[in-house]
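Following: one structure in structure tokens, then a few remarks.
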Amino acid sequence: MRKAVDVALKIVLSVILLMPILGTLGVFPPPTQDLYNTSQAFEFIETITVGRYITIIMVLVHVVALACLWTRRTGLAALLILPITVNVVAFHAFLDGGLLTAGAVLGNIMLLFNAYFLWQHRREYRPLLDQTS
């Protein structure tokens, strides 16, 4: 049962991780003001996409995370996407009108799935947290 749940969550998380990559490749239209609840949210997204730096780094991290997710390195994938997940959730919480808006749904799903995978692989993180000098 757990294996089936893991595979299902990996599939959904993979689709979520692919969306920004496809957006960068021009599969999706560029963001418009009507997709956001506040003008500050749209201005923020517009600013970070114009520079392309964040977009390129995000795509690279997503590609590596996808590779890890499907090659028995799910624990590493969860760690790699954690900062992105936190930023997506924070963006919606503080700039885009809250965590219960339509735009926040994918970020909330990412957060839940990420927390699940982090918890499932918590033993793998023990060496990182042990204090040996």
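When Ala104, Ala93 are screened for being in contact with a Leu (Cβ under 9 Å, 6 or more places away or on another chain) and without any contact (Cβ under 8 Å) to a residue 24 or more places away in the chain, only Ala93 passes. Whenever a residue of segment 61-74 is over 13 Å from Ile11 (Cβ atoms) and of a type in the set (Val, Ile, Thr), it has no partner that is open to solvent by 70 Å² or more (accessible area, probe 1.4 Å) and at pLDDT below 95 lying with C-beta atoms less than 7 angstrom away and at least six residues away or across chains. Within segment 112-125, the only residue that satisfies the criterion of being of a type outside the set (S, T, N, Q), crowded, with 18+ Cβ neighbours inside 10 Å and within 12 Å of the chain's Cα centre (by Cα) is Phe113.
Do the conditions hold for Gly103, that is, is it open to solvent by 10 Å² or more (accessible area, probe 1.4 Å), assigned to a helix (DSSP H, G or I), under 17 Å from Phe44 (Cα atoms) and modelled with pLDDT under 95? The answer is yes for Gly103.
Within this structure, Val59 passes the test of being among the hydrophobic types (A, V, I, L, M, F, W, C) and either at positive phi or modelled with pLDDT under 95 (or both).
The values are calculated or read from the model by the stated rules, or taken from the named source; none is laboratory data. Keep in mind the model is a prediction, meaning the values are calculated, not measured. Note: ideal-geometry Cβ built from the backbone for every residue, glycine included; neighbour counts use all protein chains shown. The accessibility values were calculated without ligands, DNA or RNA, using every heavy atom of the protein model including side chains. Shrake-Rupley method; radii C 1.70, N 1.55, O 1.52, S 1.80 Å.
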